[in-house]
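A short write-up of the structure that comes next.
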Amino acid sequence: MNQPVSQPVKIWFDAEGDFLEVLFSEKPGYLRETNQDAVMERVDEAGNLLGFSVFGVSQLSRSKPLIAELLAQAS
């Protein structure tokens, strides 16, 4: 039986900038829009998902989740 491979995830929160970033990889990449204005996905040149960012975290509703579709494939 194959053991799952663990992968570190880095989570950064900048309270002053009201910004949350989740990184699955330290590879170079760029931010790309999603279907949700508050969420950007970080992808590499091949379109592989490296992480995502959420802007205006303090403005999110506590009564319903923020739902965004990340289009890139996780690398």
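What follows is calculated from the coordinates using simple rules that are stated; it is not laboratory data. Here the structure is a predicted model, which is why all the values come from computation and not from measurement. Here Cβ is always computed from backbone atoms with ideal geometry, including for glycine, and neighbour counts include all displayed protein chains.
For the stretch 51-60, the criterion of being loosely packed, with under 10 Cβ neighbours inside 10 Å and outside any loop (DSSP other than H, G, I, E, B) is met by at least one residue.
Within the set Pro4, Pro8, the sole residue that is without any contact (Cβ under 8 Å) to a residue 24 or more places away in the chain, within 15 Å of the chain's Cα centre (by Cα), loosely packed, with under 10 Cβ neighbours inside 10 Å and not in a strand (DSSP E or B) turns out to be Pro8. In the stretch 40-64, the residues that are within 16 Å of Val9 (Cβ to Cβ) reach residues that are basic (Lys, Arg) and assigned to a loop (DSSP other than H, G, I, E, B) with C-beta atoms within less than 6 angstrom, at least six apart or across chains, in these pairs: Leu50/Lys27. For residues in the stretch 16-50 being outside any loop (DSSP other than H, G, I, E, B) and not aliphatic (A, V, I, L, M), which is farthest from Ser6 (Cα to Cα)? Out of the qualifying residues, it is Glu33.
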